[in-house]
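Data block below; observations after.
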Amino acid sequence: MAGVAAVALAASGAFAAETKKKPRAPVRPNLVLAQNVTQPPSNASSTSDLAMRVQALEDALAARDERGRADRTRLSTLEQQYQYANLTYDNGRPTFQTGDGRFTMSLRTRFQTDFAGFSQDRQPASFGGPRDLATGMGMRRAYLGVEGKAYSDFAYEFRINVGGSGVEGLELSKAVVHYIGIPNWHFSLGIIEPAFQLEGTTSSGNLMFLERPEIVNIGADIFGGNDARRGAEIGWAKPDVFWAGDAVNATLYFTGGKSHSQFGHGNGGDEQAQMLFRLGNRVWSDGPSNLAWGMSIAHVFNSGTNAGGGSPTINLQDRPQIRVDGTRLISTGAIDAQTADMIAFDLAGNYENFFLGGEWAQFTLDRRCGNAATTFNGGVCAGQPFRAIADNPTFQGWYVEGSWILTGESKPYTVAALNNEIGGFQQPVPSRPFSLNGESWGAWELAARYSDIDLDWNPRRTASATQLAGIVGGRQRIMDIGVNWYMNRNVKLQVHNSFVNVDKGTAAIPNRDSQDLNIVGVRLQFSN
């Protein structure tokens, strides 16, 4: 025990001595493990985080400023484009268009220079028909105009013509405003050209022959179609209505007199007025090939009066499908009729580069008693007023035509368009325009048409107490064969030969004025 005590005292003394040599370390109360507490952020980390936040805010502000500058640039560009008009020159047609596309204006021209050579047999002295038709040249059409759209929902056309049938002169050919804001519909008012009958659905710049056949020209002249007319129209056209590939178009017209003629628009009576309706349907198409039918109906409300008044009359007549000499070889003469009706049916189609089409038409006039009311004793006009209808002379005509495009192009079919290019076959577009340097020759087409119209109605009937006399207008048959050379989209040369047979006379001498003649016609055309 004494030894243990001695050792303890010695150790205590040594510890005391060591304590005196070194200061005692401070005591840290409540010591815990570092992983069990959250250390407060140091000054360095706080500064770094703040800098990152400031940088992010500056980046966001810079991005916002960049977006603002981009928006201002975009708006400025749109404003400039809205005021800026682009000029394009596609297929020879200069077109101005605003940047937003709501306004367009295209310049349109069409020139047709015709030559015709007539060959007629020498006729006896008793012959009463036209002799020695004038061989020569003429400017058939010379169009200059503009067309386009305004505010997207409206379209317009304005055109003047300084050409003519044998005599050139200035006339207003078209001045019309179309509303096109409703899909598939158009509403038009002004100087229009109704798309009426099969050949009337093709513009004059796309004609396969130099002129349309007689039944179409008569329909235009008397029943208010195709020619430049004061009037209004409502049209609807849409493809794929009943099945894929079909296309339906229907157009209703109300027309007055011709824009360049006083005929049927004189004082002392009302202006001539007609209503026309055209229905067409492409029943099949595989793209290049098409098959379509059509129906055309018209009614004349008032045949009109000339300057100075007088009784309204109707005269069915036409030239032999050429206009260099304006002589009509067949004509009913002035018939005392204020109202009339017509109906026509057509069928046409193309299979690749072959085309075939035809049409039949009938014209019915409401002939009035006129002065005969005072001479009829117990007849249809006895006791009837001056304007009573005495009978209904009826006339018919038809034609069939076809073509073969030797270079392989096909005729495109227009489903929907404005005015007189609705639901019809157009001229081919050359796949290789003519160029001696390029050794290409454009498109070549062989064409043929046979037309027959009879303007006789009871021609041997003479007037009596119970009936009016028959009508001797004549019958005309034409075989037209020709070649069309489409040098490019704009230039076309046509050379045609027509074999014409006219059967005409009087009630007493049926064949007095009959004749056969040959006509060579050439046309050079530029159209855009």
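Could you line up Met487, Met295, Met342 from fewest to most neighbouring Cβ atoms inside 10 Å?
Met295, Met487, Met342
Pop a pseudo-label 7 angstrom from the Cα along the beta-carbon direction at both Trp404 and Asp341 and give the gap in nm to one decimal.
About 4.3 nm, to one decimal.
Under 5 Å between amide H atoms, partner at least 5 residues away or on a different chain: which partners does Leu406 have, H built in plane at 1.01 Å?
When sequence neighbours closer than 5 places are left aside, the close amide H contacts are Trp444, Glu445, Leu446.
Name the long-range amide H neighbours of Thr135: under 5 Å, sequence gap of 5 or more, or other chain; modelled H, no Pro or chain starts.
Phe118
Quick one: which residues, 5+ away or cross-chain, put their amide H under 5 Å from the amide H of Phe196? H built at 1.01 Å from N.
Under 5 Å from the amide H of Phe196: Thr201, Asn226.
For a footprinting-style exposure proxy, rank Leu170, Leu316, Leu493 by other Cβ within 10 Å, fewest first.
Ordered by Cβ neighbours within 10 Å, fewest first: Leu170, Leu493, Leu316.
Taking the Cβ of each residue in Met208, Met52 as the centre, tally the other Cβ atoms inside 10 Å and list the residues starting with the fewest.
Result, fewest neighbours first: Met52, Met208.
Ratio of alpha-carbon Rg to the 2.2 N^0.38 Å globular estimate for the stretch 79-527, to two decimals, please.
1.04
Using 0.36 nm times the number of residues separating Leu57 and Ser165, minus their current alpha carbon distance, what extension gain do you get?
Full extension of this stretch gives 30.8 nm more.
Extending each Cα 7 Å along its Cβ direction at Ala232 and Thr88, get the distance between those two points in nm, one decimal.
The two pseudo-label positions are separated by 3.3 nm.
Full-extension gain between Asp121 and Ala448, please, as 0.36 nm times their residue separation minus the C-alpha to C-alpha distance.
115.3 nm
So how far, in whole Å, is the C-alpha centre of the stretch 387-409 from the one of the stretch 272-319?
About 11 Å separates the Cα centre of the stretch 387-409 from the one of the stretch 272-319.
On a full-extension model of 0.36 nm per residue, what is the gain between Asp270 and Ser435, subtracting their alpha-carbon distance, rounded to one decimal in nm?
Gain on extension, Asp270 to Ser435, equals 53.9 nm.
Please compute the modelled spin-label separation between Thr47 and Phe277, points set 7 Å along Cα→Cβ, answer in nm with one decimal.
9.4 nm
FYI, it's all coordinate maths here, none of it is from the lab. Since this is a predicted model, take the numbers as computed values, not measurements. Methodologically, a virtual Cβ is constructed for each residue, glycine included, from the backbone with ideal geometry; neighbour enumeration extends over all protein chains shown.
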